[in-house]
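In what follows, a structure is listed as structure tokens, so that the remarks can point back to it.
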Amino acid sequence: MQQVQIRASGRAFAGVRATARRIEEALAAVGVDAAVGDGPPDPSAPALVVDPAAWFAEQPMALSRETLARLMGFSLAPYGSVTLQDDATVGEHMAVLAHPEERCAQHLTRVGCHSRFVPLGARAAAVPTAAAPPLDIVTLGPPTARRLELLARGAAWLDLLRCAHHFDLELPETDADHAHPLRRARILVDVTPAAAGSPDLAAILAAWESGVAVVTDSLGPVPAGEEQLLRGASETLFARAAELSADPARAVALAAAGLAAWSEQIPLRLMGAKLIEALEDARVNRPVRPGGPPVPSAAAAPVPPPRSVLQILRDERAQPDATLRAGLQEVVGRTRALERRLAGLESGGPDDAVTEVVAGPARRGSPRVSVLIPAYAACRTLEETLDSVASAALEGGAPAVEIVLVDDASPQDDAALAVAWAAGRTDLPVTVLRHRRNRGLSASRNAAAEHAAGELLLTLDADDLLRRNGLTRLVAGLDADPGASFAYGILQRFDVGGPIGLVGLHPWSVERFRGGNYVPALALIRREALMAVGGYHGMPWGYEDWDLWCRMAKAGHRGVWVPEIVASYRLREDSMSAGLHLSHLAPLGDMLTRHPELLA
């Protein structure tokens, strides 16, 4: 057989590139030359495409039916997913469409594809892992609503463990990729993206080959190693993972036994033989379908970048009620400004007057971290927020911490509540500042920073909560990357009904700002970096943090992402940003004017 050309889509979280490499190795195991490459395949040689619908959507020019009819596809889409439907749409025009899960292959046959079941073959020996891996748990996969909710609900268990949660990270392609989180963990938790979804076979096999045990909430079958796969209901998934992490010898044994079973039943050479059969089938089968080339749904695209800020603005202007909502937003803004002005007139004195009260024990030396808390009408949540800081500060390995709280002329006297709370503390210095007049979020954060003594500044809103290990993990992330100016992590979103999802899912990338802000306001910032860019700037509609990150990026600063849940972000109907969501015209227009080189 001629050399087999292997192509793969650019999707970063579906095991696509790793599976392409596995196919290359499987064909080599049966003596067939193959190579993973880019660009359109040579029509005169056999070709195999991994993740066919997404690959098809990536092509700069539509492919003809004749071109598709010469190709073999290899789908990794979960059972019942939209992606599987899209693969079927393209696959019915391909010579053969293979799938590593038998029920998916049967489904593809039922919907009109010439399908074959080709299981993933296992490498014989596991990649050695560290005797004591630095991570207890790793999760990999797309940020579907179900996955984010389950991770958010499992945060209490995850607080006890060292974790890494990745949402756009490919599986390791080679044995040399020792830095990959899957090679540095004890357990992979396979959270299916949809209810009753398939197990992630590519990730499970890669985990066992790395000596990593697997816990999953999927009820779908695996081709081998069923007894070594720990299954749990979604409600208990992370509890089971926590129990297993406490028994590392069992975790190692489960991974080794799972790989042994898989490699015995489905070695690479068996996968290679199945691939040869499918490729021979593709050589003689040439489907002829009426009509033009298939058009997969938008879901097949390889996770297209989010809409740009400019496109969001254009779409907003096209809405029939855009002018009305923008007008209402302006009225809300003017009303708030008038309320602040009236409150200032009643209070008397200069606008920038600040009263300082030192509560709790005096500073002993210089704290390393100053937690900055701006507060306005926050009495319902402030005590819980302060308690979360105290718990994080007392956690083993935590640096010396102080709290600097700014009461921004709150009508509820948040300062008095903070002073009363600090009076009972003997272990945590607290400085309380009170503005004579309401000056807004940016001015409050800047005032707190000016009075802070720490070299690292943690911004925390008065209704949010630090997780018990959140502070230590942010500090560790910043210490591990001396070139970074700030560290941020994943935040659990919650409301009165409980956890509902996550934010802060992506590593630092200046280009990603073109689609909006993805870095949470809660971040650990080096004092010198914040002061170098002039602190926070006043913004009418709550984009202070996004503006800061943009200014820092333009000044050559960068952030480091900590892939763990470090805090909890409270959703409230009466939050300061409520007016922001009335209309995006003025807020985004302001951001585009300030940072056109990053956002346009």
- [ ] Quick one: net charge around G589, please, counting Lys, Arg +1 and Asp, Glu -1 for every other residue with C-beta under 12 Å from its C-beta.
- [x] +1
Task: Apportionment of accessible area to carbon and sulfur, the stretch 77-159, percent (1.4 Å) - done: 56 percent
- [ ] Between S308 and D33, with labels modelled 7 Å along Cα→Cβ, what's the label distance in nm to one decimal, could you check?
- [x] 4.4 nm
TODO: Nearest 5 is fine: what % of DSSP beta bridges in the chain come out antiparallel, could you say?
DONE: 25 percent
TODO: Step through the residues of the stretch 191-206 one at a time and calculate ³J(HN,Hα) from phi using the Karplus curve (6.51 cos²θ - 1.76 cosθ + 1.60, θ = phi - 60°), rounding each to whole Hz and writing x for Gly and Pro.
DONE: 9, 5, x, 9, 4, 6, x, 7, x, 7, 4, 5, 6, 4, 5, 4
TODO: Once you have the Cα-Cα distance between E356 and D590, take 0.36 nm times their residue separation minus that, and quote the gain in nm to one decimal.
DONE: 80.8 nm
- [ ] Taking the Cβ of H537 as the centre, find all other residues whose Cβ is under 14 Å away and add up their charges (Lys, Arg: +1; Asp, Glu: -1).
- [x] +1
TODO: With a point put 7 Å past each Cα toward its Cβ, work out how far T323 is from D42 in nm, to one decimal.
DONE: 6.2 nm
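Counting alpha carbon pairs within less than 8 Å and at least 6 residues apart, what relative contact order, in whole percent, applies to the stretch 1-60?
51 percent
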- [ ] Using per-residue counts of other Cβ atoms within 10 Å, averaged over each peptide, order 527-533, 58-64, 135-141, 498-504 from highest down.
- [x] 135-141, 498-504, 527-533, 58-64
TODO: Enter the accessible area per residue of the chain (Å², integer; probe 1.4 Å; all protein chains in place).
DONE: 41 Å²
- [ ] Starting from the residue with the highest accessible area, list L160, L76, L219 in decreasing order, probe 1.4 Å.
- [x] L219, L160, L76
Open item on the list: 5 Å is the cut-off here: which amide hydrogens, built 1.01 Å from N in the peptide plane, fall below it relative to V406, excluding neighbours closer than 5 in sequence?
Closed with: I373, A375, L433
- [ ] For the chain, calculate the relative contact order in percent as a whole number, restricting contacts to Cα pairs under 8 Å that are 6 or more residues apart.
- [x] 14 percent
Task: the stretch 500-600, accessible surface, carbon-and-sulfur percent (1.4 angstrom probe) - done: 57 percent
Task: Efficiency of FRET between T236 and L338 - r from beta-carbon atoms, R0 51 angstrom, step 0.05 - done: 0.45
- [ ] Classify the stretch 446-600 as rounded, prolate or oblate from the Cα gyration tensor: take a ≥ b ≥ c as the square roots of its eigenvalues, call it rounded if a/c is under 1.5, otherwise prolate when a/b beats b/c and oblate if not.
- [x] rounded
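Once you wrap a convex hull around the alpha carbon atoms of the chain, what is its projected area averaged over all directions, in nm²?
Hull-based average projected area comes out at 29.1 nm².
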Open item on the list: What is the percent carbon and sulfur in the accessible area of the stretch 411-464, measuring with a 1.4 Å probe over the protein chains and ignoring ligands?
Closed with: 46 percent
TODO: Take the Cβ-Cβ distance between A532 and L571 as r, set R0 to 35 Å, and report the resulting FRET efficiency rounded to the nearest 0.05.
DONE: 0.60
TODO: Taking the Cβ of L151 as the centre, find all other residues whose Cβ is under 11 Å away and add up their charges (Lys, Arg: +1; Asp, Glu: -1).
DONE: +2
TODO: Mind checking the full-extension length gain between E455 and R110? Use 0.36 nm per residue of separation minus the Cα-Cα distance, one decimal, nm.
DONE: 117.9 nm
Task: D281/S64 FRET efficiency (R0 22 Å; Cβ-Cβ; nearest 0.05) - done: 0.55
Open item on the list: Taking 0.36 nm per residue of sequence separation and subtracting the Cα-Cα distance, how much length would be gained by fully extending the chain between E597 and L394, in nm to one decimal?
Closed with: 68.8 nm
TODO: Could you work out how far apart the two model spin labels at S366 and E243 are, taking each label as a point 7 Å from the Cα in the direction of the beta carbon, and quote it in nm?
DONE: 4.9 nm
TODO: Before anything else, pin down the relative contact order of the stretch 432-580: Cα pairs under 8 Å, at least 6 apart, normalised by residue count, whole percent.
DONE: 37 percent
Open item on the list: Show log10 I(q)/I(0) for the stretch 224-287 at q = 0.15 Å⁻¹, two decimals, from a solvent-free Debye sum over equal Cα scatterers.
Closed with: -0.65
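The values are calculated or read from the model by the stated rules, or taken from the named source; none is laboratory data. Keep in mind it's a predicted model, so treat the numbers as computed, not measured. With ideal geometry, Cβ positions are generated from the backbone for all residues, glycine too; neighbour counts draw on all protein chains shown. Please note that ligands, DNA and RNA were not included when accessible areas were found on the heavy atoms of the full protein model with its side chains. Shrake-Rupley method; radii C 1.70, N 1.55, O 1.52, S 1.80 Å.
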